[in-house]
Amino acid sequence: MANFLELVQDLARDSGTLAGGVNLVTVTAPANGRADKMIHWIRKAWINIQNERDDWPWMRREFVAPLTIGKARYTAAELGIAARFGQWIGDRPTGHRVFRTVTVYDPAQGQQDEGQIRQVEYDHWRAMYARGVHDANRPTDWAVSPLQEMVFGATPDKAYVVSGEYRLSPQVLRENEDVPELPEQYHGAIVWEAMKLLGLADESPQTASSAISEYVLARQSLNRDYLPEITINTGPLA
């Protein structure tokens, strides 16, 4: 399992462009010149990979929280998500059906009362529940507001328990011992993505092309094991 420091050391060694690169002993002390760029490229490469898709499995998390009587809008923090909230995970198709990611139940009845509620567009929610006067009731719909609030309709008349899913914001590597959340057998993809950035920054098409080829192989393995295959747009090299 490679940590941040080890990934930077791998990049320095494999690129062969930093004298004594394998002797780098920290990523936290001030660095100059090429060493600083190596640190930056590994950090940026890992963020790039996380942002390539919004459905990486290791970035999914679940939450369970009580709603407040008479309150329809909730921030992530108000639903108990303390850090690294990225975005809500909405309903998604699974074959010929739709998987509903959000459920609610009346705590007085327990989880045997748990039922799915559907995701609707925010404008639909506004038209149905945010205009005029409506009776509070058990929520049957939810939506995401432009401010990334989770909003419910109808406004809850009880302290229903809601559960759902969200995506983490990208992990930023900072300390020597920070380990990317990507499964460890794919950590090499971070180095190859960083190598590509190095080649582009150096205006070295040969370095970039070689790194892209290795990165594509690593990503194909990752997609095969975790997700349906996708096409990677490498763009022009020269």
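The values are calculated or read from the model by the stated rules, or taken from the named source; none is laboratory data. Keep in mind that what you see is a predicted model, and the values were worked out from it rather than measured. Please note: Cβ atoms are built from the backbone with ideal geometry, for glycine as well, and neighbour counts cover all protein chains shown.
Looking across region 151-170, the residues that are closer than 13 Å to Val104 by Cα and not in a strand (DSSP E or B) come down to Ala154, Thr155, Asp157, Lys158, Ala159, Tyr160. Take Ala19 and decide whether it is surrounded by 20 or more Cβ atoms within 10 Å (Cβ to Cβ) and modelled with pLDDT under 90. Against the criterion (surrounded by 20 or more Cβ atoms within 10 Å (Cβ to Cβ) and modelled with pLDDT under 90), Ala19 does not qualify. Inclusion of Val27 among residues that are at negative phi and touching a Lys or Arg at 6+ places or on another chain (Cβ under 9 Å) is warranted.
Take Val27 and tell me if it is touching a helix residue (DSSP H, G or I) at 6+ places or on another chain (Cβ under 6 Å), of a type in the set (Val, Ile, Thr) and part of a loop (DSSP other than H, G, I, E, B). Judged against the criteria, Val27 is a match. Would you confirm whether or not region 27-34 contains a residue that is among the hydrophobic types (A, V, I, L, M, F, W, C) and without any contact (Cβ under 8 Å) to a residue 12 or more places away in the chain? Looking through region 27-34, at least one residue is among the hydrophobic types (A, V, I, L, M, F, W, C) and without any contact (Cβ under 8 Å) to a residue 12 or more places away in the chain. In this structure, does Glu62 turn out to be of a type outside the set (A, V, I, L, M), more than 24 Å from Leu5 (Cβ to Cβ), in the same structural domain as Ser145 (by TED's automatic domain parsing) and not in a loop (DSSP other than H, G, I, E, B)? No.
Considering only region 135-160, state which residues are touching a strand residue (DSSP E or B) at 6+ places or on another chain (Cβ under 7 Å) and among the polar types (S, T, N, Q). Thr140, Ser145, Gln148, listed by residue number.
Each row is one residue, and each column tells you yes or no for (1) among the aliphatic types (A, V, I, L, M); (2) surrounded by 15 or more Cβ atoms within 10 Å (Cβ to Cβ); (3) at pLDDT below 95.
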{"residue": "Gly33", "(1), (2), (3)": "no, no, yes"}
{"residue": "Lys37", "(1), (2), (3)": "no, yes, yes"}
{"residue": "Arg43", "(1), (2), (3)": "no, yes, no"}
{"residue": "Ile49", "(1), (2), (3)": "yes, yes, yes"}
{"residue": "Pro57", "(1), (2), (3)": "no, no, yes"}
{"residue": "Phe63", "(1), (2), (3)": "no, yes, no"}
{"residue": "Gly70", "(1), (2), (3)": "no, no, no"}
{"residue": "Ala77", "(1), (2), (3)": "yes, no, no"}
{"residue": "Ala83", "(1), (2), (3)": "yes, no, yes"}
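Counting the residues of region 135-146 that are without any contact (Cβ under 8 Å) to a residue 40 or more places away in the chain and either within 12 Å of Tyr122 (Cβ to Cβ) or not in a loop (DSSP other than H, G, I, E, B) (or both) gives 4. If you go through region 89-114 and keep only what is closer than 25 Å to Leu168 by Cα, part of a strand (DSSP E or B) and without any contact (Cβ under 8 Å) to a residue 40 or more places away in the chain, you end up with Arg92, Pro93, Thr94, Val98, Phe99. Here is a check on your reading of the model: is Gly132 out of contact with any strand residue (DSSP E or B) (no Cβ under 7 Å at 6 or more places or on another chain) and either free of Cβ contacts under 8 Å to residues at least 12 places away in the same chain or within 15 Å of Ala72 (Cα to Cα) (or both)? Answer is yes for this residue.
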